[in-house]
Amino acid sequence: MTEKILWPAHKIRATYLDFFKSKGHKVVPSDSLIPQGDPTLLFTGAGMNQFKEYFLGVKKDLRRAASSQKCIRTGDLDRVGETPYHHSFFEMLGNFSFGDYFKEEAIEWAFELLLERFGVPRERLRVSVHQDDEEALRIWRDRIKVPENWIRKLGDDSNFWPADAIQQGPNGPCGPCSELFYDQGPSYGCGRPQCDVDCDCGRFAEIWNLVFTQYDRQDGGRLVPLAAKNIDTGSGLERLACMLQGKRNNFEIDILAPLVEDIKRPAADPQRANHAAACTIADHARAATFAIGDGVTPSNEGRGYVIRKLIRRAVWKYQKEVATGCFLPDLAARVAEIMREPYPSLTRDLSHIQVVLEGEEKRFLNTLEEGQAKLEDLITQAQKTGRKQIGAESAFKLYDTYGFPDELTVSIARTSGIGVDLEGFQKLMEEQRKRAKEASKIADSIFVAGESNPRLEKIAPSVFTGYEMLTERAKVLFLDLNGAEGWAVLDRTPFYAEKGGQVGDRGTWTWPGGKAEVLDTQWKEKWILHSVRTIEGRLTEGEAVTAEVDPVLRERTRRHHTATHILQAALRKILGPHVRQLGSLVSPDKLRFDFSHPKALTPVEIRQIEAFVNEAVLNNLPVVTELKTYDQSQQEGVLAFFGEKYEDTVRVLDVGSGLSKELCGGTHVRQTGDIGSFIIVSESSIASGTRRIEALAGLAALEYAQNCRQQLADLAAVFRASTSELKERAEKLVNKLKSLERGAQSGGAARLDIDRLVQLKTVVSGLTLVSAQVSDVEASQLRGLSDQLRAKLPDDSAVILFSVTGETVNFVVASKSTRLDAGSLTKKLAAALQGSGGGKREFAQGGGKKPELLHEVLSGLSVLVEQTIHSV
C-alpha cells in the first residue's frame with residue numbers, strides 16, 4: 001500500500017510560493033543552473049543569484065519576489081549521501097525584498113507560514129540571531145512571543161552574511177542573519193541537557209535562514225548603513241519536506257526515495273545494498289539530469305568538468321556497490337517523471353539528456369576497467385617500494401589518459417593506505433587548462449571598466465536604436481581611455497552589443513575634427529559599451545558624435561543570423577524534435593550552430609538540410625518581429641534558447657509565418673530572399689550527444705563556392721583532366737597506390753611510394769608525424785610498413801597507420817620520440833574507436849569496432865598526439 005503523504009514536496013513548493021504571492025510578492029520562475037551575466041559563478045547556488053541587479057540597485061522595477069530556485073553546490077561532495085542533509089543539487093525556496101519590507105515582516109511571515117500554513121508545532125521551533133542584532137531579538141521575543149531561552153545569540157561565523165565578513169571581507173552589501181531550526185527531539189541528538197541549535201549532533205535541523213542586508217562593508221571592517229535595506233531568505237525544499245513528512249533523512253522524502261529504491265533494485269540483495277552509496281548516486285544523477293537539461297555539456301573544463309565529475313562518481317559507486325551495466329538514462333527518466341509537475345522541460349528534453357548521459361557513462365565504463373588496473377599497479381609499486389604516495393604525474397596520467405577523476409584515484413588509493421600528491425596534480429591540471437584556454441581567452445577589461453569607474457553607475461541605461469537605423473547622433477556619457485583606446489558609452493546607439501551568439505557591431509564615430517573606430521560592442525549590465533580607438537582628433541565626455549555601424553558587416557551578420565533560425569527549423573524537421581540549440585555564433589564571416597543529436601549527420605541529411613534552408617530563401621518569406629510577454633510566447637510554443645535570461649517582454653522572431661518562431665533580440669533580414677544562399681561547410685562532434693554545424697550565407701557562401709571551384713580547377717590541372725574526369729582519374733590513382741602498397745607489404749615496395757607517404761608528414765608540438773589510412777593492408781602487414789617509414793624519419797618522430805578490413809579498424813603507432821608514448825596514444829585511439837589496444841613506448845597496435853568513427857579520429861589526431869605528448 002502506498003504511503004499517503006500529507007505534505008508532498010510539490011505541495012510544499014506551491015504553498016510557499018502562494019503564501020508569498022498573497023503578501024504582494026511576484027513569483028519568479030527558477031533561473032537556469034547556468035548563471036546569466038555573472039562570470040564569477042559556475043552554477044546558480046542560491047535563490048538570490050538571479051536578483052543580483054535588484055540587490056545592487058541596477059534594476060528597480062521589482063520590490064518583492066519569491067522563487068523556488070534550482071541550485072548546485074559541490075563544496076561538500078564527500079558528505080553527500082553520508083549525512084541526512086547534504087546535496088549537490090537541491091531547490092532553495094526564498095522570499096526577497098529590494099528596499100521594501102525588512103526584519104519585522106520577514107520574521108512575522110516566516111513564523112506565520114510555518115505555524116499556520118504548514119502546521120509546525122510551535123514548541124518544535126527554535127531561533128538564532130546575531131549576537132549584536134537587538135532588533136531581531138526584540139521582534140522574536142516581544143512581537144512573535146518566542147521564549148527568550150528558545151533564542152540563541154551566535155557570532156559572525158554562523159549568523160552574519162557573508163560569514164566573518166566584518167573581519168575578513170569582502171567589501172560590499174552584508175548583514176546579520178536569523179535562522180529557524182526544527183527540534184527533532186532528544187532521541188535524535190546527543191542527549192546532553194545543554195544541547196542547543198549550535199550543537200552539531202543533528203537534533204536541531206536548520207530549515208530557514210533570514211538574511212538582513214543592511215550594511216555596506218568598507219575598508220577596515222567599517223559597516224555603513226545602507227540607504228535601501230534588503231531581505232534575502234533561503235529554505236531548502238528537501239530539508240523542509242523532510243521535516244513536514246516526518247522523515248529522519250532527506251533521501252527518504254517523496255522526490256528522492258523512489259530514486260534510491262530504483263538504484264538498489266538491481267543489486268544482488270537490494271535490502272543489504274549500500275544505502276549511502278545509493279543516496280549519493282541519486283543526488284548526482286539528479287544534478288546531472290537538471291544540469292544537462294539546462295544546457296551543460298560534460299567536458300574537461302569549467303561547469304562541464306563538474307558535471308562530468310558527478311556522473312563519473314555516480315557510475316563508479318554504482319559499479320562498485322550495486323551492479324554492473326548502464327543505468328543513468330533510465331534514472332534520468334525517473335527524475336523527469338518525478339519532477340514533471342514543476343519542471344516539464346525535463347520531459348521535453350529527456351531524449352537529449354539520456355543521449356548525453358549514455359554517451360558519458362559508456363565512455364567512462366570503457367576506460368574504467370583499464371584505469372583501475374593501472375591504478376592497482378601504481379598502488380602495488382608504491383607498497384613494494386615503501387612509498388606513501390602516488391606521484392602527481394601518475395595521477396595526472398590516470399586522469400588525462402583514462403578519464404579517471406582525481407577523487408576516484410584518492411578514494412581507491414586510500415583503501416590501501418596510499419595517498420596522492422594532490423598539490424602537484426592540481427599544478428599539472430592548471431597548466432593543462434592554461435594551454436587549452438590560450439586559443440579562446442576572453443578579455444575581461446569590459447568588466448573592469450564597470451568596476452573601476454564609479455561614474456558608470458550614475459549614467460542612465462543605454463538606448464539601443466539599431467533595429468531601425470545604422471546611424472545615430474549621440475552624446476558621449478562615459479569615457480575610459482588608456483591612450484587612444486578604451487571603452488565608451490553613448491546615450492543612444494545603433495551599435496548592437498554582443499548577445500545571444502551574435503557578435504557586437506563595428507563601425508565609426510565622427511565629430512568635428514575627430515574620428516574613432518569602434519572595434520567591438522559589449523553589454524555591461526544596463527549599458528552598451530563600445531571599444532573605441534581614436535584615429536583623428538581628441539574624444540571627450542560630452543562630445544556629440546555621429547555613430548555609424550559598418551553597413552556591410554551588419555548586413556552579412558543579419559544574413560547569418562536569420563539563416564541560423566531557419567537551420568534550426570530544418571534540423572528539427574529532418575532529424576526530429578529532440579534537436580535543441582546548445583550554442584551558436586553569428587558573425588559577418590560565418591555561422592556556427594551547436595545542437596543535440598546522438599550521431600553524425602549523413603551526406604543525405606546534410607543535403608536535405610541545405611535544400612530546406614535554400615528553399616526558404618528562394619520563397620522570399622517574410623521575417624517579422626513582435627513584442628510579447630514571455631508567458632504568452634511559451635504558450636504559443638515559441639522556442640527559447642536554454643542559456644538566455646528573458647525579461648517579461650520578449651522579442652519573437654517569426655520566419656515565414658510559422659516556419660520558425662524563436663525568441664531573439666538579434667538583428668535580422670526583412671525577407672528570407674535577402675539571405676541570398678546557404679551552404680554547410682562542416683559537421684562534427686564536439687561532445688557526447690552534441691554536434692556542430694558551420695555554415696555560410698550570402699556573399700560568404702558565394703565566396704566559398706568560388707574557392708571550391710578554383711580548387712577543382714587546380715586539381716584538374718594537376719591531373720591534366722577536366723573537372724568531370726577528376727573522379728575517374730582519382731580512382732585510377734588510388735587503385736595504383738593500393739597495388740603498390742600491397743607490393744610494399746610483400747617486401748617489394750617501391751622506394752617512391754614510401755617517399756610519397758613520408759611527404760605527408762606534419763609537425764605537432766615539434767614532433768614530426770606521418771599518419772595515413774592505407775587500403776588493402778592486413779593488420780599483420782602494418783608493422784612492416786611502419787618500420788619502413790620510421791627508418792626514413794628523423795629522431796623525435798612517429799608513424800600512425802590505419803587500415804579498415806570489413807567492420808574492423810586496425811592501426812599501429814610507431815614512435816622514435818622520447819616525448820610520445822606509443823602505448824598511451826594507442827589506448828586513446830582504441831577508446832575513440834570503441835576497441836582495445838596496447839603495447840610499449842616504441843610500438844603499439846590496436847583495433848576498433850567502429851570504422852565509421854575513423855574520419856573523426858583522423859580529423860582530431862593532431863589533438864590526441866599533442867595531449868599525449870603533454871601528459872608524459
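Keeping to segment 203-227, report how many residues are outside any strand (DSSP E or B) and open to solvent by 20 Å² or more (accessible area, probe 1.4 Å). Spell out how you get there, then give the answer.
So the first thing to find is which residues in segment 203-227 are outside any strand (DSSP E or B), and the list is 203, 219-221.
Next, only the ones that are open to solvent by 20 Å² or more (accessible area, probe 1.4 Å) stay: 203, 219-220.
Final tally of qualifying residues: 3.
How many residues are open to solvent by 40 Å² or more (accessible area, probe 1.4 Å) and assigned to a helix (DSSP H, G or I) if we restrict to segment 559-592?
Total meeting the criteria: 4.
For segment 142-180, enumerate the residues that are open to solvent by 70 Å² or more (accessible area, probe 1.4 Å) and assigned to a helix (DSSP H, G or I). Break it down stepwise before answering.
Initial filter on segment 142-180 (open to solvent by 70 Å² or more (accessible area, probe 1.4 Å)): 142-143, 145, 148-149, 152-153, 157, 161, 167-168, 170-171.
Once the filter is applied, which keeps residues that are open to solvent by 70 Å² or more (accessible area, probe 1.4 Å) and assigned to a helix (DSSP H, G or I), segment 142-180 yields Asp142, Arg143, Glu148, Asn149, Asp157, Gln167, Gln168.
Only one of (1) assigned to a strand (DSSP E or B); (2) at pLDDT below 90 fails for Gln845. Which number is that?
For Gln845, the exception is condition (2).
Can you pull out every residue in segment 110-134 that is surrounded by 18 or more Cβ atoms within 10 Å (Cβ to Cβ) and part of a helix (DSSP H, G or I)?
Ala110, Phe111, Leu113, Leu114
Going residue by residue through segment 638-651, is there one that turns out to be open to solvent by less than 40 Å² (accessible area, probe 1.4 Å), under 25 Å from Arg556 (Cβ atoms) and aromatic (Phe, Trp, Tyr)?
No; the residues of segment 638-651 include none that is open to solvent by less than 40 Å² (accessible area, probe 1.4 Å), under 25 Å from Arg556 (Cβ atoms) and aromatic (Phe, Trp, Tyr).
Only one residue in Ile34, Ile72, Ile107 is open to solvent by less than 50 Å² (accessible area, probe 1.4 Å) and either more than 29 Å from Ala288 (Cβ to Cβ) or more than 31 Å from the chain's Cα centre (by Cα) (or both), so which one is that?
After ruling out the rest, the residue left standing is Ile107.
Taking segment 491-522 only, how many residues are part of a loop (DSSP other than H, G, I, E, B), acidic (Asp, Glu) and out of contact with any helix residue (DSSP H, G or I) (no Cβ under 8 Å at 6 or more places or on another chain)?
1
If you check Arg272 against the conditions, is it closer than 20 Å to Met339 by Cα and open to solvent by 40 Å² or more (accessible area, probe 1.4 Å)?
Values: closer than 20 Å to Met339 by Cα: no; open to solvent by 40 Å² or more (accessible area, probe 1.4 Å): yes.
The answer is no for Arg272.
Return the only residue of Val770, Val718 being at pLDDT 85 or above, open to solvent by 60 Å² or more (accessible area, probe 1.4 Å) and among the hydrophobic types (A, V, I, L, M, F, W, C).
Among Val770, Val718, only Val718 is at pLDDT 85 or above, open to solvent by 60 Å² or more (accessible area, probe 1.4 Å) and among the hydrophobic types (A, V, I, L, M, F, W, C).
Determine, yes or no, whether Phe89 is touching a Lys or Arg at 6+ places or on another chain (Cβ under 6 Å), under 30 Å from Met339 (Cβ atoms) and either of a type in the set (A, V, I, L, M, F, W, C) or open to solvent by 50 Å² or more (accessible area, probe 1.4 Å) (or both).
yes
Look through Ile307, Ile281 and report the one residue that is surrounded by 24 or more Cβ atoms within 10 Å (Cβ to Cβ), without any contact (Cβ under 8 Å) to a residue 40 or more places away in the chain and part of a helix (DSSP H, G or I). Give the steps one after another, and end with the answer.
Values: Ile281 fails: without any contact (Cβ under 8 Å) to a residue 40 or more places away in the chain.
Sole residue among the options that is surrounded by 24 or more Cβ atoms within 10 Å (Cβ to Cβ), without any contact (Cβ under 8 Å) to a residue 40 or more places away in the chain and part of a helix (DSSP H, G or I): Ile307.
What is the number of the single condition among (1) without any contact (Cβ under 8 Å) to a residue 24 or more places away in the chain; (2) assigned to a strand (DSSP E or B) that Arg455 does not meet?
That leaves (2) as the condition not met.
Against the definition (of a type in the set (Asp, Glu), surrounded by 18 or more Cβ atoms within 10 Å (Cβ to Cβ) and touching a residue at least 24 places away in the same chain (Cβ under 8 Å)), how does Asp349 come out, yes or no?
On the way: of a type in the set (Asp, Glu): yes; surrounded by 18 or more Cβ atoms within 10 Å (Cβ to Cβ): yes; touching a residue at least 24 places away in the same chain (Cβ under 8 Å): yes.
Criteria met by Asp349.
Is it the case, given these coordinates, that Glu543 is open to solvent by 50 Å² or more (accessible area, probe 1.4 Å) and of a type outside the set (Val, Ile, Thr)?
Taking the combined requirement at face value, the residue does not satisfy it.
Specify the residue that is farthest from Lys828 (Cα to Cα); the eligible residues are those in segment 374-401 that are in contact with a Lys or Arg (Cβ under 8 Å, 6 or more places away or on another chain) and among the hydrophobic types (A, V, I, L, M, F, W, C).
Ranking the qualifying residues of segment 374-401, first place goes to Ala382.
Which one of the conditions (1) assigned to a strand (DSSP E or B); (2) open to solvent by 10 Å² or more (accessible area, probe 1.4 Å) does Gly246 fail to meet, given that it meets all the rest?
So Gly246 meets the others, but not (1).
Of all residues in segment 661-689, which are closer than 25 Å to Thr297 by Cα and among the polar types (S, T, N, Q)?
Ser682, Ser684, Ser685, Ser688
Among (1) at pLDDT 90 or above; (2) open to solvent by 20 Å² or more (accessible area, probe 1.4 Å); (3) closer than 22 Å to Glu525 by Cα, where does Ala611 come up short?
(3)
The values are calculated or read from the model by the stated rules, or taken from the named source; none is laboratory data. Note that the coordinates shown come from a computational prediction; the quantities given were computed from them, not determined experimentally. Cβ atoms come from the backbone with ideal geometry, glycine included; neighbour counts cover every protein chain shown. Just the protein is used for accessible areas: all its heavy atoms, side chains included, with ligands, DNA and RNA removed. Shrake-Rupley method; radii C 1.70, N 1.55, O 1.52, S 1.80 Å.
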